[in-house]
Amino acid sequence: MEGQVARFALLLCITVAASASSQTCDPMKVNDNPWVYVRESLIGCWTNFIREDKAEVHILNLNFAAMDSPMFSLEMTNAKPMNLILTSPDTVYGLYNINTDVHIYINNASTIDLHCNQHPSNVHKQDFPTQDEELVKWATHTFGGVTSFTTIRNLQTVSSTGIKGTKPGSRYCILRNEDAFEKHFMKIETSPLASFKYCSTQQQNRGDEVELHIINIPENAITRNVSLRIDTEKTSVFLRGPQGTTWTFLGLKHTQFGSNNDILLPSMTHRIQPTFILNSDNAEDVQRKALDHFKASTFTSYTELEPKESMVLLVLRKKDNPAVTETVPAPVIAITTNAPHQMPLLMQLYTSPDYRSPLDANTKVQSDKRIYAEISGHTLGDIFLTIKVISCFVRSTGSCPVEKELPFMPETCSLNSCPNSTRLSFSLDQLQELTSTTWDLECSVKLCYSEKCGDGGRVKRNLEVSQPCLQPSTPTCFDFGLPGVLGIAFGGFLIGVLLIGALWFIKIKTGYPTALDISSTAANLPGCPCSGAKRQPVSTIPSPSENSSANASIGSTQSTPTSSMA
């Protein structure tokens with residue numbers, strides 16, 4: 001029985017050991033890494049300049065210091081019309097194939113030796129400066145501007161892709177470090193810049209599972225500044241380098257990372273301190289540390305490289321497109337926003353301050369209601385970044401675009417209720433007088449870490465606005481009750497009494513007849529049908545004699561007051 005237990009324990013130990021050993025792999029030297037390729041970050045520029053004759057102006061600064069046989073090839077048979085300026089501090093030999101629209105310019109004192117039987121008259125020698133800044137100034141003065149300036153080390157072949165060589169943006173050539181392989185109008189082939197060792201513990205891609213990539217630079221390498229561009233999504237990156245190495249991330253996409261060196265995020269001057277300590281550059285030690293750091297059982301790739309330069313650019317590419325260096329990137333399309341965000345941002349709208357019921361993208365919001373917004377992002381590695389909103393704008397999408405700055409108010413948001421996000425609210429009152437109902441809402445943000453902030457790009461979403469329903473105005477209607485009617489009647493009665501009293505007062509004080517006296521006097525006149533005497537009915541027509549006596553009597557009666565008046 002004890003023997004069986006011993007054999008079982010031995011078998012278990014063997015199984016555990018085999019399982020543990022399968023978590024790591026032995027890297028082998030390869031000519032090409034399926035995941036990582038190395039580029040140098042060298043001086044250059046790229047503009048939207050093009051001459052009035054539709055010709056582009058390109059400058060190639062060639063450096064062959066590390067090559068035993070400096071020789072290169074120019075393939076420009078399908079190139080757009082261009083003036084190509086070649087400069088090099090070394091003695092080099094070049095073969096060229098060009099079309100009639102390509103003109104090559106070489107300095108009189110240059111040691112560049114070109115050979116070809118096609119269009120030799122298109123190769124011109126002139127006196128011009130060779131220093132970078134001065135050469136740009138000369139080309140700008142001579143040709144009106146510079147479309148691109150590209151520095152290439154150890155060039156083997158450069159060929160035109162036949163695509164327009166301009167880039168949307170500025171027309172002025174400002175030299176800075178760049179990745180020359182991003183220029184889609186030409187295809188560049190150079191000699192290897194690093195030696196690789198590579199291995200992997202995953203036999204195949206696991207779909208949506210997060211990839212873990214390990215990059216190890218040995219202690220004896222001279223490289224101290226490494227830029228890393230990640231073209232894959234849902235990626236974890238483990239970085240180990242000699243003490244004093246700085247890793248600068250470019251174009252993060254849902255990336256988590258850990259490193260024993262300082263890390264610099266895009267547009268931020270604050271350094272992120274190392275997240276672990278690892279002085280050993282042994283492949284197995286590095287792999288085990290990476291698995292423990294990310295709590296993973298396997299990793300997608302392990303890359304060990306020794307760059308030949310002190311400053312390099314590493315690109316982590318998608319494995320489904322391993323020949324990225326052999327393909328031509330798509331032309332850059334002009335957009336209205338800034339460069340791609342340093343981390344993906346999302347804006348969600350709500351109608352209430354409790355932030356519980358998000359608005360659908362097609363739901364219309366009333367311009368007289370207050371809108372609540374939440375801008376969120378993804379965590380970058382093991383650090384915590386806060387989002388700060390700088391400004392917001394709304395732009396109409398009609399044929400006559402209108403842009404308005406949108407005032408906003410920050411809303412309280414605790415770390416527990418909304419991690420990696422910020423909240424704000426705004427009103428659309430200023431849109432009530434405008435006819436457009438479809439708007440683009442765009443906010444500029446900054447990403448902050450330890451009171452240091454950098455540009456976070458812009459977040460944008462569409463907004464459907466509806467005007468509030470205005471109630472039609474109704475005429476004012478007065479409703480009188482019984483007290484109101486009695487009040488009006490009493491008021492009329494009182495006014496009448498006052499008027500009669502006023503007339504009586506006038507009669508007493510002045511002695512002049514009033515309207516009441518005149519009416520009563522007229523009523524007492526003889527023969528007046530309004531007299532107080534009882535009228536006799538007339539039954540017979542009076543005789544002419546009676547009529548004449550009556551008339552005389554009336555006449556005498558009427559003449560008396562006249563004479564007395566006189």
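Within the range 253-272, count every residue that is open to solvent by 40 Å² or more (accessible area, probe 1.4 Å), modelled with pLDDT of 65 or more and under 20 Å from Ala296 (Cα atoms). Residues flagged as open to solvent by 40 Å² or more (accessible area, probe 1.4 Å), modelled with pLDDT of 65 or more and under 20 Å from Ala296 (Cα atoms) within the range 253-272 amount to 1.
Screening the candidates Phe249, Phe196 for the property of being open to solvent by less than 10 Å² (accessible area, probe 1.4 Å), at negative phi and at pLDDT below 85 yields one hit, Phe249.
Among the residues of the range 147-172, write down those that are open to solvent by less than 50 Å² (accessible area, probe 1.4 Å) and farther than 27 Å from Thr91 by Cβ.
Selection gives Thr147, Thr161, Gly162, Gly165, Thr166.
Taking the criterion of being touching a Phe, Trp or Tyr at 6+ places or on another chain (Cβ under 8 Å), over 15 Å from Val237 (Cα atoms) and at pLDDT 90 or above, the only residue of the range 278-328 that qualifies is Ala283. Given (1) under 19 Å from Thr147 (Cα atoms); (2) surrounded by fewer than 16 Cβ atoms within 10 Å (Cβ to Cβ); (3) charged (D, E, K, R), where does Lys80 come up short, assuming only one miss? The one condition Lys80 does not meet is (2). Just checking, does the range 178-187 include any residue being surrounded by fewer than 15 Cβ atoms within 10 Å (Cβ to Cβ) and assigned to a helix (DSSP H, G or I)? Taking every residue of the range 178-187 in turn, at least one turns out to be surrounded by fewer than 15 Cβ atoms within 10 Å (Cβ to Cβ) and assigned to a helix (DSSP H, G or I). When we screen Ala20, Ala65 for residues that are modelled with pLDDT under 95, part of a helix (DSSP H, G or I) and either farther than 16 Å from Phe149 by Cα or acidic (Asp, Glu) (or both), the only hit is Ala20.
Criterion applied to Glu433, Glu405 was being open to solvent by 30 Å² or more (accessible area, probe 1.4 Å), on the phi < 0 side of the Ramachandran plot, touching a Cys at 6+ places or on another chain (Cβ under 8 Å) and modelled with pLDDT under 90, and the one residue passing it is Glu405.
The values are calculated or read from the model by the stated rules, or taken from the named source; none is laboratory data. The structure displayed is predicted, hence computed values, not measured ones. Don't worry about glycine lacking a Cβ; one is built from the backbone with ideal geometry, like all the others, and counts go over all protein chains shown. Accessible surface areas use protein heavy atoms only, side chains included; no ligands, DNA or RNA. Shrake-Rupley method; radii C 1.70, N 1.55, O 1.52, S 1.80 Å.
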